[in-house]
Amino acid sequence: MPNPRPTFFSFYKSLCFVFFTNVALVTSKSTIEPCSNSDSCNALLGYTLYTDLKVSEVASLFQVDPISILTANAIDISYPDVENHILPSQLFIKIPILCSCVDGIRKSVSTHYKTRPQDTLSLIADSVYAGLVSADQIREANSIADPSVLDVGQSLVVPLPCTCFNGTDNGLPAIYLSYVVKPVDSLVGIAARYSTTITDLMDVNAMGTSSITDGDILAIPLSACASNFPKYASDHGLIVPNGSYAITASHCVQCSCVPGSRNLYCMPASLAVSCSSMQCKSSNLMLGNVTVQQSSAGCNVTSCAYGGYSNGTIITSLSSSLQPRCPGPQQFPPLVAPPTYVTRDSIFAPAPAPQSDGVTTTIPKTTTVPSTGSLPGLPPGGAPVGSLSGASALVNSVAALPIVILLVHSAAVLFCRVA
């Protein structure tokens, strides 16, 4: 029996399908940073646990060191068997990753996921990885022809969003957090939570308006302390967000960044077991030691500082300087106990660190968005090199269409319902 000829109604049903398929593509957007070299940087992912997981299980999901997850969230690693501590479902934590340059854009491709029975690409993307990646992105990264057929135990590359922006924000050290927008989020609330401004977030993410949508992925700059280690050091480029710390040099050295500081302070780590010498040459000072001597000219300060880790050797350097005043006792970021539960407030609030005490941040109900001199749908003046993804470019295009097109869209909706 020959196929029936397409009718007027079937043609417009197809047109409606294409139209709304394209509309669906623009519901969420993410910031993309173009790149042209092979360098990499430290970055962070904002991740919400989909179920109760051990610290080691979360680390396995992202192929990172469990200790690095704890330190990035200012969790005290001195607790017994802390790597097997069970983190509660819906807890928001920061995951440290290496951000590379792949196919001309910044992304992390070091994460692999082994499929389990009943897995689908949508489940993996939306639940397991909490919206940090889309099902289409996983499909494309793994050249999957039929996404409905996944072999149990199949290893999938999971491309994750990240940005570097030269490790600075407005000329100061910063590390960038990829944050998935929640339904209750507003740009003013996110800015307040992460001690930044709406203008800065709009500039970093090349936004023409302050409007955000559930599922959008924003790049959020976090103030940090940057290292100046030589390129041959394995921890070259180490950068630590304010209020947290990092363990480096094969778990031998702890580097801290006090809130409000730009100076990285390193000392022997509590995990240190079998480490190379941490004594500065031609001195009795050990790594992290500081001596002061008051004089009529000021304060003579001598310190033994950390200079990186290379070929199993901890590099130290001795420095002396004359300062107007003697420094006070070394300060350290406040640490928290491994979280065991999540309050309702901390589930719905964007959190720079795990919350289990119910403390919330007051968010203004209204705000005045500063003018950027930009037209709707266009990046603000002075925006960084980053750009919006292809999906968000469609959003901007739709915003700039004449009102007549919107009327046609309304007619199409009505027609599709009738058809």
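The values are calculated or read from the model by the stated rules, or taken from the named source; none is laboratory data. This is a predicted model, so every value here is computed, not measured. FYI the Cβ positions are ideal-geometry reconstructions off the backbone, even for glycines, and counts take in every protein chain you see. Protein only, heavy atoms only, side chains kept; ligands, DNA and RNA dropped before computing areas. Shrake-Rupley method; radii C 1.70, N 1.55, O 1.52, S 1.80 Å.
A few comments on the model shown:
- For the stretch 208-222, 3J(HN,Hα) per residue [Karplus equation, 6.51 cos²θ - 1.76 cosθ + 1.60, θ = phi - 60°, Hz, x = Gly/Pro]: x, 9, 8, 6, 10, 10, 3, x, 4, 10, 9, 8, 10, x, 10
- Heavy-atom accessible surface of the stretch 127-209, averaged per residue, reaches 38 Å², computed with a 1.4 Å probe.
- In Hz, Karplus ³J(HN,Hα) per residue of the stretch 308-325 (6.51, -1.76, 1.60; θ = phi - 60°; x = Gly, Pro): x, 10, 9, 6, x, 10, 8, 7, 10, 9, 9, 9, 10, 8, 9, 10, x, 10
- Taking amide H atoms as placed 1.01 Å from N in the peptide plane, the amide H of Cys326 has no partner under 5 Å among residues 5 or more positions away or on other chains.
- With the simple spin-label model, which puts each label point 7 Å out from Cα in the Cβ direction, the Asp65 to Arg139 separation comes to 3.8 nm.
- Using the Cβ-Cβ distance between Val149 and Ser56 with R0 set to 22 Å, the FRET efficiency works out to roughly 0.10.
- Karplus (6.51, -1.76, 1.60) ³J(HN,Hα), θ = phi - 60°, over the stretch 246-258, in Hz, Gly and Pro reported as x: 9, 9, 9, 6, 6, 6, 9, 10, 10, 10, 10, 10, 5
- Sites Asp103 and Thr340 - FRET efficiency at Förster radius 51 Å, r taken between beta-carbons, to 0.05: 0.80
- Summarising the amide proton neighbourhood of Thr316: residues at separation of 5 or more, or on other chains, whose placed amide H is nearer than 5 Å comprise Gly307.
- In this simple spin-label approximation, Gln330 and Lys281 carry label points 7 Å from Cα along the Cα→Cβ vector, and these lie 2.2 nm apart.
- Between the stretch 35-75 and the stretch 180-213, the Cα center-to-center distance that results, in Å: 23 Å
- Amide H contacts of Ile105 (H built 1.01 Å from N, under 5 Å, at least 5 apart or other chain): Cys35
- Accessible area of the stretch 120-208 belonging to carbon and sulfur atoms, whole % at 1.4 Å probe: 51 percent
- Within the shell of other residues whose beta carbon sits under 12 angstrom from the beta carbon of Ile190, the net charge comes to -1, with Lys and Arg scored +1 and Asp and Glu -1.
- Exposure of His251 as accessible area (Å², to 10), given a probe of 1.4 Å and all protein chains: 70 Å²
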